[in-house]
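The values are calculated or read from the model by the stated rules, or taken from the named source; none is laboratory data. Since the structure is predicted, the reported quantities are computational estimates derived from the model, not experimental observations. Cβ atoms come from the backbone with ideal geometry, glycine included; neighbour counts cover every protein chain shown. Areas reflect the complete protein model, heavy atoms only, side chains present, ligands, DNA and RNA absent. Shrake-Rupley method; radii C 1.70, N 1.55, O 1.52, S 1.80 Å.
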Amino acid sequence: MNNSLLPASAVNIYALGGLQEVGKNTYCIENDDTLIIIDAGIMFPEQGVLGIDYVIPDYTHLKNVRNKIKALFITHGHEDHIGAIPYLLQNVNIPVIYAPRLACALIKNKLDENRMSNKTKVVEYTEDDVINIDTFTLQFFRVTHSIPDAYGICVDTPQGRIVTTGDFKIDLTPIGEDISLTKIAKIGKEGVDLLLSDSTNAEKEGYTLSEGSVINSIFEIFSKTNGRLIISTFSSNISRIQQIVEACLKYNRKILIIGRSMENTINISRQYGYITIPDSSLITADKLKDYKNNEIVILCTGSQGEPMAALSRIANGDHPLVKIVPGDTVVFSSSPIPGNGASVDGVVNQLVRSGADVINNSVFENLHASGHPSKQELRIMLKLFNPKYFMPVHGEYRMLKLHGELAQTLGIPKENVFILGNGDTLVLRKHNIVEGKRIQTDDIYIDGKDISGLSTAVIRDRNILANDGMVAVLISIDSRTNTILAKPEIVTKGFIYMDEKSTKIIEEAKEIAYRELQTIMSGKATFGEIKNTMKTSLGHYLYSKTHRSPMIIPLIMNQLETK
């Protein structure tokens, strides 16, 4: 249905990121006068995406409606929910960011690092707060997750109530405060029109392991390990880091923190009391030699096999401070995010090759408890909110689909369950929902410090270069007299190995280029026409001979008049 046919007061709900993927969560609620954003996250690239640090949403739509944007609300402080804030602020003005206490501190630190502290206001909210943004009213409910201060958000609009759970699990023995089941039930009893709910573990039956159960496995590893312990986990998994600290204190081990993100998060968490580490338990790298191996724990990033993270550099032997020594035990206190399995396996193999013992999370070693709900928790949340309409979020397509099917088993009609992609719109009017027009979305790739981002076209070019190589065609002409000064030359990189057979292919390609150049230069031709002719003719020929499609780059050298 076209939005133009709806009354002006209709409310649109859509995601710029977070649907059919795990990461870059960015959800929008918009009417004719107001737009609020919930979360602004990044996604880490898959292994085959070359030279890319992060993936963020395309903010073109937000730039087109920038005058409507009133606030950004953050559910919690994980990077897939706050990591894109500096990039978002480069694109549009966000008057105010509302976030829980720990997320506020992490966001302020992020803005300071990017010299953007004066770009917006960052305001803390609590579970007791009610915030009015024009005709929207927002309230909050606490959830348990793998980071403190995680919340779901309830948005009341003139057209109906929208609830997002944020990332959650129903952990009855959490490290930290309990989930607010009473408030969740109250909101559900009052009536929910649309529920957006976390789908990351929708494939898993039962309940997610409690964070409190992990500590026993950590203690057991400490008790059995005689050498150095190198423990890798998410820098934002505050609860896990605190458990590791408790084990270090119990077994009299000093802690070396490696990795910038780990250092920043721990420093902020110590300031706010979420992590308690005595100063006497912390050491710097130059003090490692002052302690026995069984007195040391190295806490680092890189549990997902990220190439530039501390653990990957340690595994490859190129970390400036830490090298693997015989007797080291490396512990992965996390599970691979979907798509990262191959990267993690590569790091594990390199660590073992370097002489370390490696302990991964498994059914025998409960070293990681997910922060996301399994099916029984999803059922409980759906029962408590009892929504009229349901939109699974935060998951790959199969996860969203399974979550949607789960909702149907609990009585939500199939036509009221929406399995959407980024850019798909739901239109809420008078407590009823229809699908609206699609908003154009794309992935924007962040390469190093270039915050402007790269489009998918650049990534396609990189993939072509990586897979099929490059063919440069050197063309010498005199455009004043419309003459060819020399036969074209061809230079290849990463295309084919130059043996006798390949040499014949390149020589024939030169002849084809020369014939095509003679034909097009028989009349007046622009540089653009010459380049297109070279790309087309050589592209067809090279593919017919090699079944590869290299990037063809014509380089025209035009003789200039000399005096």
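The table that follows gives values for the structure above.
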item	result
Residues of the range 532-554 classified as among the basic types (K, R) and open to solvent by 80 Å² or more (accessible area, probe 1.4 Å), total	2
Residue in the range 53-68 that is out of contact with any strand residue (DSSP E or B) (no Cβ under 9 Å at 6 or more places or on another chain) and over 26 Å from D424 (Cβ atoms) present	no
Strands (runs of 3 or more DSSP E) contained entirely in the range 153-246, each with at least 1 residues that are on the phi > 0 side of the Ramachandran plot and modelled with pLDDT of 95 or more	160-164
Flag if K186 is surrounded by fewer than 18 Cβ atoms within 10 Å (Cβ to Cβ) and closer than 30 Å to Q159 by Cα	yes
Enumeration of residues in the range 488-500 that are outside any loop (DSSP other than H, G, I, E, B) and either open to solvent by less than 50 Å² (accessible area, probe 1.4 Å) or more than 22 Å from M551 (Cβ to Cβ) (or both)	P488, I490, T492, E500
Out of I184, I133, I153, I147, sole residue that is within 21 Å of N237 (Cα to Cα) and of a type in the set (A, V, I, L, M)	I147
Per-region count, the range 214-241, residues open to solvent by 40 Å² or more (accessible area, probe 1.4 Å) and either over 19 Å from V352 (Cα atoms) or in contact with a Lys or Arg (Cβ under 8 Å, 6 or more places away or on another chain) (or both)	5
Residue check for G273: free of Cβ contacts under 8 Å to residues at least 12 places away in the same chain and open to solvent by less than 70 Å² (accessible area, probe 1.4 Å)	yes
Meets criteria (farther than 30 Å from I275 by Cα, part of a loop (DSSP other than H, G, I, E, B) and among the acidic types (D, E)) for D128	no
Test: residue in the range 56-79 that is in a loop (DSSP other than H, G, I, E, B), polar (S, T, N, Q), surrounded by 15 or more Cβ atoms within 10 Å (Cβ to Cβ) and at pLDDT 95 or above	yes
In the range 131-150, residue nearest to the chain's Cα centre (by Cα) [restricted to those that are within 16 Å of I184 (Cβ to Cβ) and open to solvent by 10 Å² or more (accessible area, probe 1.4 Å)]	H145
Number of positions in the range 515-563 that are over 16 Å from L474 (Cβ atoms), in a loop (DSSP other than H, G, I, E, B) and within 39 Å of the chain's Cα centre (by Cα)	3
Residue check for E511: open to solvent by 50 Å² or more (accessible area, probe 1.4 Å), within 15 Å of L542 (Cβ to Cβ), in contact with a helix residue (DSSP H, G or I) (Cβ under 7 Å, 6 or more places away or on another chain) and without any contact (Cβ under 8 Å) to a residue 60 or more places away in the chain	no
Matching residues in the range 290-316 - criterion: being open to solvent by 80 Å² or more (accessible area, probe 1.4 Å) and at pLDDT below 90	P307, M308, N316
Residues being open to solvent by 40 Å² or more (accessible area, probe 1.4 Å) and more than 21 Å from the chain's Cα centre (by Cα) - total across the range 99-126	10
